[in-house]
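Enquirer: Right, I'll just put the structure down here and ask away after.
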Amino acid sequence: MAPQRGFRTTESAPCWRLGVALGVLVLSCVLVGAEEGENLSGLSDNPDKAIFAVRENGTTCLMVEFAVKFLVPYDVLALNGIDLITEQASFTLPRSAEIEGKCGTTESEIHIAWKNNAYTLRIFFSRETRSKGVEVWKISKVQFVYDTSETSHFINAYNPGTHTASTHRLSALVTPVGRSYVCIAQQTLTLISSDHLKGVTVSMYEIQIQPFDMASDFVFSEPYKCITDQRERLEETLPLILGFILALIIVITLTVYHFHLKLTAAQPQLPRDRSMYKNM
């Protein structure tokens with residue numbers, strides 16, 4: 001019996017080593033393709049603006065830079081102890097949030113959480129080919145999870161708990177592939193909450209986002225400016241252009257008038273009294 005036990009022990013050793021080797025190989029494969037989140041908000045001079053990046057295989061594959069404001073309705077009990085009234089919680093995305101994300105060739109996403117996961121903002125991106133073979137990326141979905149039992153923003157909430165607000169068939173911030181979306185103006189989205197279908201407002205401003213084909217590590221590609229910024233810039237420059245044109249017209253008019261006076265002064269003056277023509 002002893003030799004048999006010895007034989008089994010000798011045979012199991014290579015199998016144990018093989019199992020360990022396979023485990024290490026699988027773990028290394030997972031680590032190679034794993035994404036990691038980076039919080040770069042300290043690089044921004046704007047106290048309201050956050051900068052978050054998702055990196056894969058040692059390079060940036062998704063990066064967002066923006067300020068975000070939330071307006072969340074919730075119920076509180078009225079003073080009579082019977083009726084419900086709706087209050088509004090207003091707060092901003094903190095720069096100290098934690099980041100997770102996922103990068104792909106056609107779909108990417110970033111998850112931003114804070115207050116011990118009492119709040120989580122999830123933004124989903126997709127890439128598609130449109131007419132004439134033009135490739136674009138867009139925000140395809142925004143989801144916001146919030147807990148009304150978190151008392152720093154939700155005061156005396158009735159029946160507190162966790163709720164999820166989501167967009168429906170979203171196609172926002174459409175941008176050509178290989179470029180980053182840039183917009184100073186506010187972009188507002190309305191999400192429908194699981195809390196009695198209340199409307200949650202998510203407003204983003206001072207935005208620069210790119211979920212695919214980053215130029216290099218932590219570097220955005222060529223910016224694609226939003227229509228709102230272009231319109232506002234035109235509204236700012238249009239009065240200057242019109243003022244310049246008006247000034248030019250005035251200068252041209254004065255110049256023509258000046259030359260007209262010179263030409264008139266150079267011509268001989270004929271007498272107005274016809275009787276004086278006899279002496280000429």
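Enquirer: Any idea how far apart Glu87 and Thr162 come out in nm if each label point goes 7 Å out from Cα toward Cβ?
Expert: So the two model labels end up 2.3 nm from each other.
Enquirer: Hey, with R₀ at 30 Å, roughly what FRET efficiency would Thr59 and Thr188 work out to, going by the Cβ-Cβ distance, to 0.05?
Expert: Calculated transfer efficiency: 0.40.
Enquirer: To continue, here is another question. Tell me the net charge near Leu191. Cut-off is 12 Å between Cβ atoms, Leu191 excluded, with +1 for each Lys or Arg and -1 for each Asp or Glu. Spell out each step's value before the answer.
Expert: Values: positive: Arg122, Lys141, Lys198; negative: Asp195.
My count for the surroundings of Leu191 gives +2.
Enquirer: Give me, ordered by chain and number, the residues 5 or more places off Lys198 or on other chains with an amide H under 5 Å from its own placed amide H.
Expert: Ser193
Enquirer: Can you work out the FRET efficiency for the pair Ala247 and Asp217, with r the C-beta to C-beta distance and R0 = 41 Å, to the nearest 0.05?
Expert: About 0.25, to the nearest 0.05.
Enquirer: Whole-Hz Karplus ³J(HN,Hα) for region 184-191, in order, using 6.51 cos²θ - 1.76 cosθ + 1.60 and θ = phi - 60°, x for Gly and Pro?
Expert: Coupling constants for region 184-191: 7, 5, 6, 10, 10, 10, 10, 10 Hz.
Enquirer: R0 = 30 Å: FRET efficiency of Val256 with Thr228, Cβ-based, nearest 0.05?
Expert: The formula returns an efficiency of 0.10 here.
Enquirer: Here's a follow-up. Let me know the shape class of region 24-135, please: from the alpha-carbon gyration tensor, a ≥ b ≥ c as square roots of the eigenvalues, rounded when a/c is under 1.5, otherwise prolate if a/b is greater than b/c, or oblate.
Expert: prolate
Enquirer: Okay, next question. Per residue, how many Å² of accessible area does region 155-235 show with a 1.4 Å probe?
Expert: 55
Enquirer: So, in nm, how far is label Asp45 from label Glu135 when the simple model puts each one 7 Å beyond its Cα toward the Cβ?
Expert: Those two pseudo-labels are separated by 3.6 nm.
Enquirer: Next question, about the same structure. Using +1 at the Cβ of each Lys and Arg and -1 at the Cβ of each Asp and Glu in region 122-187, identify which of Ser166, Phe124, Val136 lies farthest towards the dipole's positive end.
Expert: The listed residue farthest towards the positive side: Val136.
Enquirer: Say each of Lys102 and Arg169 gets a label point 7 Å from the Cα, pointing the same way as Cα to Cβ; how far apart are those two points in nm?
Expert: So the label points at Lys102 and Arg169 sit 2.5 nm apart.
Enquirer: Residues of region 182-225 with backbone nitrogen within less than 13 Å of a virtual label 7 Å along the Cα-to-Cβ line of Lys115, please, listed as ranges.
Expert: No residue qualifies, since no backbone N sits under 13 Å from the label point.
Enquirer: With the cut-off at 21 Å, tell me which of the pairs Lys69/Lys141; Lys102/Lys198; Lys102/Lys132 have Cα atoms farther apart than that.
Expert: Lys102/Lys198; Lys102/Lys132
Enquirer: Under 30 Å Cα to Cα from Lys262, which lysines show up? Leave out anything in the same chain fewer than 8 places away.
Expert: List returned: Lys278.
The values are calculated or read from the model by the stated rules, or taken from the named source; none is laboratory data. Here the structure is a predicted model, which means the values were calculated and not measured. Note that we place each Cβ from the backbone using ideal geometry, even for glycine, and neighbour counts take in every protein chain shown. Heavy atoms of the whole protein, side chains included, go into the accessibility calculation; ligands, DNA and RNA do not. Shrake-Rupley method; radii C 1.70, N 1.55, O 1.52, S 1.80 Å.
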